[in-house]
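A quick write-up on the structure given underneath.
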Amino acid sequence: MSACPMVDCHTHTSFSDGHASFEDNVRAAAAASCRVMVSTDHLTLPASMDANCEVQVTEGDLPVHRLAFEDARKLAAQIVPELSFIYGFECDWYEGCEPLVERWSQGAVVRLGSVHWIGNPGDIAAGSDVYKRQVWERYVDDWCRACESPLNFDVMAHPDLVMRFSKEGFAPDFDPAPFWQQMAECAHDTGRRVEVSTSAPRKGLDDYYPATGLLRCFAHAEVPITFGSDAHRACDICWNIREAQAHAYDCGYRTFDVPHATGEWESTPLF
């Protein structure tokens with residue numbers, strides 16, 4: 001597995017809800033022998049979803065955010081020229097988001113699609129019944145609607161994010177396999193790429209996002225993958241990516257996709 005290029009397509013800075021600067025992340029990527037790192041701070045959100053602006057790059061900060069990235073890209077070219085440092089955003093899908101995402105994410109090379117809220121807007125973390133079947137139904141429905149969106153999401157991030165609450169006594173009390181199959185079919189039919197995220201084991205879960213069963217469904221459906229740490233601290237850049245690559249191989253994958261600064265993606269052997 002060591003022959004695979006080290007990539008991290010999901011990272012954050014203090015411009016959104018991270019704790020590091022672009023420069024901190026570049027230095028961490030250099031230390032991890034990373035070859036491709038994508039910066040994906042949370043894109044600007046409506047006030048109804050983040051009234052206190054705690055998790056987003058606000059609209060007013062978008063220009064300075066881009067300038068800070070460009071300064072860090074120059075640093076990367078000096079200290080680790082083999083690193084491709086790419087500008088992107090993690091873009092939440094929600095009802096009516098398309099024109100807003102188009103406007104706020106202008107200039108991004110990579111766009112991650114994600115679902116953190118369900119309902120109107122109904123945080124998926126809210127309440128003690130997060131794992132009732134109807135919540136899964138709502139989450140998967142919204143995730144599939146995000147896949148079906150005309151937005152150019154290059155990657156669907158952490159597809160089964162609701163699994164994050166399984167360590168808090170809210171493990172699903174039903175077989176999620178039908179939902180996994182629905183998601184795999186939707187990703188295939190809409191031509192989406194999905195992320196294998198190492199953030200789940202870093203947060204104490206016993207599996208990745210997507211869970212092993214879901215990842216196998218994606219593999220069977222020939223849905224392409226890439227890898228990301230969802231790092232919110234510099235020390236988490238590239239965390240467990242090698243292990244995730246081996247895991248994906250065990251689940252049936254033989255290639256994964258790597259982005260270029262031009263916006264193109266390349267299929268790379270997973271071995």
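The values are calculated or read from the model by the stated rules, or taken from the named source; none is laboratory data. Since we're looking at a predicted model, the values are computed, not measured. FYI the Cβ positions are ideal-geometry reconstructions off the backbone, even for glycines, and counts take in every protein chain you see. Note: accessible area is taken over every heavy atom of the protein model, side chains too, but ligands, DNA and RNA are not part of it. Shrake-Rupley method; radii C 1.70, N 1.55, O 1.52, S 1.80 Å.
Taken residue by residue, region 218-241 has at least one member that is closer than 22 Å to Leu151 by Cα, aromatic (Phe, Trp, Tyr) and at pLDDT 95 or above. Evaluation of Met1 against the conditions (1) modelled with pLDDT of 95 or more; (2) within 19 Å of Phe227 (Cα to Cα) shows that the sole unmet condition is (1).
With respect to Phe227, determine if the residue is touching a helix residue (DSSP H, G or I) at 6+ places or on another chain (Cβ under 8 Å), within 21 Å of Gly113 (Cα to Cα) and not β-branched (Val, Ile, Thr). Step through it out loud before you land on a result.
On the way: touching a helix residue (DSSP H, G or I) at 6+ places or on another chain (Cβ under 8 Å): yes; within 21 Å of Gly113 (Cα to Cα): yes; not β-branched (Val, Ile, Thr): yes.
For Phe227, the condition - touching a helix residue (DSSP H, G or I) at 6+ places or on another chain (Cβ under 8 Å), within 21 Å of Gly113 (Cα to Cα) and not β-branched (Val, Ile, Thr) - is met.
One line per residue, one yes/no per condition, for (1) touching a Phe, Trp or Tyr at 6+ places or on another chain (Cβ under 7 Å); (2) open to solvent by 10 Å² or more (accessible area, probe 1.4 Å):
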| residue | (1), (2) |
| --- | --- |
| Met6 | no, yes |
| His10 | no, no |
| Phe15 | no, yes |
| Val26 | yes, no |
| Ala47 | no, yes |
| Asn52 | no, yes |
| Arg73 | yes, yes |
| Val80 | no, no |
| Phe85 | no, yes |
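Total residues in region 209-225 satisfying the condition of being open to solvent by 20 Å² or more (accessible area, probe 1.4 Å) and in a helix (DSSP H, G or I): the figure is 6. The set of residues from region 226-235 being touching a Lys or Arg at 6+ places or on another chain (Cβ under 9 Å) and either surrounded by fewer than 17 Cβ atoms within 10 Å (Cβ to Cβ) or free of Cβ contacts under 8 Å to residues at least 60 places away in the same chain (or both) is empty.
Residue by residue through region 193-207, note down the ones that are more than 21 Å from Thr268 (Cα to Cα) and either surrounded by fewer than 19 Cβ atoms within 10 Å (Cβ to Cβ) or hydroxyl-bearing (Ser, Thr, Tyr) (or both). Residues satisfying the conditions are Ser199, Pro201, Arg202, Lys203, Gly204, Leu205, Asp206, Asp207. If you filter region 159-174 down to residues that are of a type outside the set (A, V, I, L, M, F, W, C) and modelled with pLDDT of 90 or more, you find that the one that is farthest from the chain's Cα centre (by Cα) is Asp160.
Quick grid of which residues meet (1) among the acidic types (Asp, Glu); (2) in contact (Cβ under 8 Å) with a residue 60 or more places away in the chain:
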site: Pro5; (1), (2): no, yes
site: Asp24; (1), (2): yes, yes
site: Ala32; (1), (2): no, yes
site: Val57; (1), (2): no, no
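The residue that is modelled with the lowest pLDDT, among those in region 126-143 that are in a helix (DSSP H, G or I) and open to solvent by less than 10 Å² (accessible area, probe 1.4 Å), is Trp136.
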